[in-house]
Amino acid sequence: MLNAWTIVKGNPLVCSLAVLAAAAFVFVSEISYSQSRATLERLAQGQRERSNVRELQVGVLDAETAQRGYLLTGRKAYLEPYTSSIKGVGESLDLLDHHYAGTPLTHTTLAALRRAVAAKQDEMQQTLRLHDEGLATAALELLISDVGTAEMEKIRKLTIELLRQDIELRDGHRANLQATLALSRLGVASLSLIALIAMALYLGNRMALRANQVELKRVAQVEHDRLEVEVRQRTAELTDLTRHLLTAREDERNRLARNLHDDLGGLLTSAKLDAARIKARLGNTAPEAQERLVHLVATLNTSIALGRRIIEDLRPSTLANLGLVSALEILAREFGERAGVPVHCALAQVKLSATAELVVYRLVQEAITNLSKYAKASQVWINLLERNGRVEASVRDDGVGFDTTIAPTSAYGLLGMRYRVEVELGRLAVTSAPGRGTTVSLSLPPSLSLPASVSA
């Protein structure tokens, strides 16, 4: 229903022409049918009336024949055909009166015919009456007189005239029928022309609509292609920017680690050596000072260890010196000792570039940092292997998990890991469910070579 209304609103002129053509066609068809049916009924009725005229002629002749047979033979058997013929003639006259009641053309002729028939009937009735009264000579004289012959000739002429007039009426009906058929033909032709015009308008509108749709589709495709190119360009720019920011952050970490190692490490080591020399010079004198120096050396050792741990977090020297597997083992062991959680490692040697190894290391580092905060895990599994031509790494725990369909309040850690992995053309997946732990996994192409600008 809605589509039909949409079509009507979109093509008001075509729909108006279609409705007008349909209404006109029905109107012309009904008018033509009614007029044609009425004309055919009049023609059929005229055929019946011509039969009535002939029956009237035959009835008058039969009555005259029966009358003369009775006069010649005197047999009563001739009176029955006479009576039935007279009755049939009356019925024929009544039918003719009923049929031609509203026709002025035949009114005078029909009235004269009725008078002539009545006169003939009176002549025949008078002849029979004279015969029955015993006046056979008078009856015979009346019979052979010209009165009956004249009346019969008048009846014959009037019936011929009535038939001629009926032919004129029938010709008029035929002319009306032909005019009706011509009008119907003209109406059908006009309506067909209107229908063709409506169809041409509709087809024109459809072609224009189709052309507009094609143009809109072309414009949309051009815009889509432009946006797709722009998206690819912006994605490439964002990827380059992300790679640059990650590289800059790692460079900043390396610089900060070097400064801590060179400056702070040197200062703490120098302070430790000074404390050791002071302790040696004091000897056993001033036991309270000796105790303070021991506490100071212990504090300096703790500070040096803290500095080394901070430096290691900023710049994993084990990754550069010992390789990815050893660096992950040390990271897992330190986390297990610090958190008191068993860590199960299944680590295999893989072929990755230095930047990709750093991505894997940072991802594992971020994952165990997150699970130490939120997971409440009792066990952790760290895996590294090469499968189906790709390097896969994962961190899995048996903690509380979370619903991945609900956006977390803070997802910058996962978002940062995802950007790190996508910069290296890898894929990151996080699988979790409430009460079923969490698995963070990544997949990287092996032996990935980055552009020189990025590596620098």
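On the given criteria, is ALA367 within 27 Å of ASN259 (Cβ to Cβ), of a type outside the set (S, T, N, Q) and assigned to a helix (DSSP H, G or I)? It is false that ALA367 is within 27 Å of ASN259 (Cβ to Cβ), of a type outside the set (S, T, N, Q) and assigned to a helix (DSSP H, G or I).
Here SER192 passes the criteria (1) over 30 Å from VAL60 (Cβ atoms); (2) modelled with pLDDT of 75 or more; (3) open to solvent by less than 50 Å² (accessible area, probe 1.4 Å) except the one numbered (3). Annotation note: Cβ proximity below 9 Å between a residue of region 218-241 that is of a type in the set (Val, Ile, Thr) and a residue that is open to solvent by 80 Å² or more (accessible area, probe 1.4 Å) and modelled with pLDDT under 90 (sequence gap 6+ or interchain) occurs for THR239/TYR419; THR239/GLU422.
Of the residues in region 223-236, how many are open to solvent by 90 Å² or more (accessible area, probe 1.4 Å) and among the charged types (D, E, K, R)? The total comes to 3. Tallying residues that are farther than 30 Å from ARG362 by Cα and in contact (Cβ under 8 Å) with a residue 24 or more places away in the chain within region 297-321 yields 1. Of the helices (runs of 4 or more DSSP H) lying entirely inside region 63-151, those containing at least 2 residues that are touching a helix residue (DSSP H, G or I) at 6+ places or on another chain (Cβ under 7 Å) and modelled with pLDDT of 70 or more span 79-99, 104-132. Scanning region 152-186 for residues that are at pLDDT 75 or above and under 60 Å from the mean Cα position of the chain (by Cα) returns ARG174, ALA175, ASN176, GLN178, ALA179, THR180, LEU181, ALA182, LEU183, SER184, ARG185, LEU186. Can you name every residue in region 327-356 that is assigned to a helix (DSSP H, G or I) and either open to solvent by 40 Å² or more (accessible area, probe 1.4 Å) or touching a Cys at 6+ places or on another chain (Cβ under 6 Å) (or both)? Across region 327-356, the qualifying residues are GLU329, ALA332, ARG333, GLU334, GLU337, ARG338, ALA339, ALA354, THR355.
Among the residues of region 429-448, some residue qualifies, meaning at least one is surrounded by fewer than 16 Cβ atoms within 10 Å (Cβ to Cβ) and at pLDDT below 75.
Just one of the listed residues (ARG206, ARG281, ARG253) is part of a helix (DSSP H, G or I), in contact with a helix residue (DSSP H, G or I) (Cβ under 9 Å, 6 or more places away or on another chain) and either exposed (fewer than 10 other Cβ atoms within 10 Å of the Cβ) or of a type in the set (D, E, K, R) (or both), namely ARG253. VAL350 - would you say it is over 52 Å from the mean Cα position of the chain (by Cα), over 22 Å from LEU444 (Cα atoms) and at pLDDT 90 or above? Spelling it out, it is not the case that VAL350 is over 52 Å from the mean Cα position of the chain (by Cα), over 22 Å from LEU444 (Cα atoms) and at pLDDT 90 or above.
Could you please find all residues in region 390-413 being open to solvent by 50 Å² or more (accessible area, probe 1.4 Å) and modelled with pLDDT under 90?
Quick first cut of region 390-413, residues open to solvent by 50 Å² or more (accessible area, probe 1.4 Å) only: 390, 396, 398, 400, 402-410, 412.
Scanning region 390-413 gives PHE402, ASP403, THR404, THR405, ILE406, ALA407, PRO408, THR409, SER410, TYR412.
The values are calculated or read from the model by the stated rules, or taken from the named source; none is laboratory data. Note that this is a predicted model, so its numbers are computed, not measured. Please note: Cβ atoms are built from the backbone with ideal geometry, for glycine as well, and neighbour counts cover all protein chains shown. Please note that ligands, DNA and RNA were not included when accessible areas were found on the heavy atoms of the full protein model with its side chains. Shrake-Rupley method; radii C 1.70, N 1.55, O 1.52, S 1.80 Å.
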